[in-house]
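Here the structure comes first, spelled out in structure tokens, and everything after it is commentary.
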Amino acid sequence: AYRESLGRAERLLHGFHHSRPDGRSLVSRACGRVDEFAGLARARARQRLADGQQVMTDLFGRPAAGFLPPAWQAGPVDASLLADSGLRFAVGFRRLRPRAGPAVPLATFTWDFGPIPWLGHVGAPLGLLLRLQPGAVPVVALHPCDEARGFLRPALALVRRLLDTGHRPVPFDALVPEPACAP
């Protein structure tokens, strides 16, 4: 069940601190230790989601609908933690995971892979590879450093190609079925 969602802003929780100073894994070091939720204990992840939702509510009058973890690393955040935090879905690099129901395959195109600028050159080819997933929804993730690193122009060209081939922007929550109403 898709809803008409254009014309309104979508609020996503994108971590709380956005950093993991003690991250020692290869992924953590490669992404500049911004994989905040990787390595967190479940109770700490629950608290960070709750803290983030409180900030969202204080600032915008409503909590976030979804969770997009920093560096795409959700750590222990699963369906039950999403539900506990009032979140309907989590956005991963390869799929959108609703609290309930089947995952939606995503083909993410991104050029920011952390502090190593040349890794941005894998963004478009990786997105094309992910497009091979049946039913994959293209996602274009732009970051502030994309312009300085020379990736903004190719990213915008990709957006133009997607639009020219009939794709239309939709917020992530439009890909998640409405929760069933209790009788």
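The values are calculated or read from the model by the stated rules, or taken from the named source; none is laboratory data. Just so it is clear, the model here is predicted, and its values are computed rather than measured. For accessibility, only protein heavy atoms count, side chains too; no ligands or nucleic acids. Shrake-Rupley method; radii C 1.70, N 1.55, O 1.52, S 1.80 Å.
Using a cutoff of 8 angstrom between alpha carbon atoms and counting only pairs six or more residues apart, the relative contact order for the range 45-183 works out to 17 percent. When the solvent-accessible area of the range 96-141 is split by element, carbon and sulfur atoms take up 72 percent of it, the probe being 1.4 Å. Taking all protein chains into account, the per residue accessible area for the range 59-123 stands at 42 Å² (1.4 Å probe). One decimal place: the segment Q133-H17 gains 38.5 nm when fully extended, by the rule 0.36 nm per residue minus the C-alpha distance. Per-residue 3J(HN,Hα) values for the range 127-140, derived from phi via the Karplus relation 6.51 cos²θ - 1.76 cosθ + 1.60 with θ = phi - 60°, read x, 5, 5, 5, 5, 6, 5, x, x, 5, 8, x, 10, 10 Hz in sequence order (x marks Gly and Pro). Rolling a 1.4 Å probe over the protein heavy atoms of the range 37-92, with every protein chain left in place, gives an accessible area that is 55 percent carbon and sulfur. Annotation: amide H of V137 within the under-5 Å range of L106, A107, sequence separation 5 or more or interchain, hydrogens built in the peptide plane.
Quick one: order L163, L59 from most to least accessible surface, probe 1.4 Å.
So, going from the largest accessible area down, we get L59, L163.
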